[in-house]
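The values are calculated or read from the model by the stated rules, or taken from the named source; none is laboratory data. Because the structure is predicted, anything quoted here is derived from the model rather than measured. Backbone-built Cβ (ideal geometry, glycine too); neighbour counts: all protein chains shown. In case anyone asks, the SASA skips ligands and DNA or RNA and just uses the protein heavy atoms, side chains included. Shrake-Rupley method; radii C 1.70, N 1.55, O 1.52, S 1.80 Å.
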Amino acid sequence: MRWTGWTIAAGLIVGAFGLNRVSAQMQAPAGAPTLYEGARLITGDGSAPIENSAFLVEGNRFIQIGRKGAIQLPAGAARIDLTGKTVIPALVDAHSHIGYMNNLTSGAQNYTRENILDHMRRFAYFGVGASQAMGSDFGEMPFALRDEILAGKYPDAARFLTAGRGLAPLSEISPDNMRHAAFPVTTVAGARASVQELVPRKVKLIKTWVDDRLGTVKPLAPELYRAIIDEAHRNNLRVAVHATGLQQAKELLRSNIDVFAHTISEVDAELIALFKQHPKTAVLSALSGPHREVYVPWLSPVHPLIAETVRPEQIARLQSRFPLRGDAFARSQESWDRLARGIVRLHAAGVPIGVGTDGGGQQGDQFIGWTMHAELENLVMAGISPAQALVAATRTAAEILGQDDLGMVAAGKSADFVVLDANPLENITNTRRISRVFLRGVEIDRAKLRAGF
Ligand SMILES: [Zn+2]
């Protein structure tokens, strides 16, 4: 049975996951098979949990999943009792900005290999197995680091996914924002050439910005974003767009956009109809940024996970900003209500919804790793069930990113999972009650990581 598992794994990771395959082969013979027994298992596909489960891990892959007693213990296998615990797949953050934030400062001056690694270790600490940087990376270093993490060089770091440099209109680019990293797009030929530059870097998606920022910037013209989308599709790449306005969203759907990196600010029947015509086009949540203006109960008292990972001065700065007061509070509350209704309506219409946090961005203090748990709570507050919110944060997010071996506890997938002390189906904030985190079949040392933050 387990060799069947390996065959599935090999099949899944051929080609796009070439490096993964190498690491699977390197680690499999060394790591003894381990059978994890007794936990309530949430596999990530939205089905009912498996009570009193068992799952077998060998090397960096799940081999077999079932009920306790139904899986035979292979010769030389170790056994770990997880009775009373709940296991979920490691979470996947489909939208972040990695390497910029460092305590009270945020900017390109912090963008180093060490800071990216620090962020990927913070993700791991919070049970996030992978995070997708959305167009704010630059230079060759992020591609090299991505490949090193994938090959197993940093066992305590989450998988770093990079879109490389995004593509933006001149009006969006400034030396002191993250779009300084972007390719400026001014012509159709230039748009196509920029996509071409990313192809050999083996990105899976292209990031672009099509937003007038409430009338403050001139957005990318349709002929330019259509060229980006067309060139990406010719090269089997997807395009993720920052676009939150209703009319722009409609035009982007008509232009075959693949991913909206944020929830659209308003949803109407025509938008739903366009999504139905483009059933693979996905939306990432990014709800916790807007909602924290009015909803930040985890700042007072400070949640222990934040206290463990964020310096007091940074926490104090965020406490001084949120929640908003007076009219600003009322306006934010109203816009949150609209966002919440919109995402529930899209979800009900069958639009693939993945969790993306927009964490680590320059506008502020969206703490790396924590945002994932805030996002889950926000999805549930909006009206999506805990089971479906978990699917959005695991399987669907992985699918949107083209990471076929992430996001589920299933044979052949990367053995990335989180052991929780309580059941998140009863209360979604139980995803914060993290007991242990395993990435690529190996438990990460959370106490050691905590000491280094
Ligand atoms: Zn973003």
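Structure notes:
- Condition met for Pro142 (crowded, with 16+ Cβ neighbours inside 10 Å, within 16 Å of the ligand (Cβ to nearest atom) and touching a residue at least 24 places away in the same chain (Cβ under 8 Å)): yes
- Checked against (1) within 19 Å of Asn423 (Cα to Cα); (2) surrounded by 13 or more Cβ atoms within 10 Å (Cβ to Cβ); (3) not small (Gly, Ala, Ser), Thr34 meets all criteria but (1).
- Note on region 145-158: among residues that are open to solvent by 10 Å² or more (accessible area, probe 1.4 Å) and in contact (Cβ under 8 Å) with a residue 12 or more places away in the chain, the one that is nearest to Leu449 (Cα to Cα) is Asp156.
- Residue check, Gly107 surrounded by fewer than 20 Cβ atoms within 10 Å (Cβ to Cβ), away from the ligand (no atom under 16 Å from the Cβ) and of a type in the set (Gly, Ala, Ser): no
- Meets criteria (closer than 30 Å to Leu439 by Cβ and modelled with pLDDT of 95 or more) for Val210: no
- Among the residues of region 340-366, those identified as more than 16 Å from Ile400 (Cβ to Cβ), touching a helix residue (DSSP H, G or I) at 6+ places or on another chain (Cβ under 6 Å) and either open to solvent by less than 20 Å² (accessible area, probe 1.4 Å) or in a strand (DSSP E or B) (or both) are Ala340, Gly359, Asp365.
- Consider region 352-365 and keep the residues that are on the phi < 0 side of the Ramachandran plot and out of contact with any Ser or Thr (no Cβ under 7 Å at 6 or more places or on another chain). The one that is nearest to the ligand (Cβ to nearest atom) is Gly361.
- For region 375-388, a residue qualifies if it is touching a strand residue (DSSP E or B) at 6+ places or on another chain (Cβ under 9 Å) and either farther than 27 Å from His278 by Cβ or surrounded by 23 or more Cβ atoms within 10 Å (Cβ to Cβ) (or both), and the qualifying residues are Glu375, Leu376, Leu379, Ile384.
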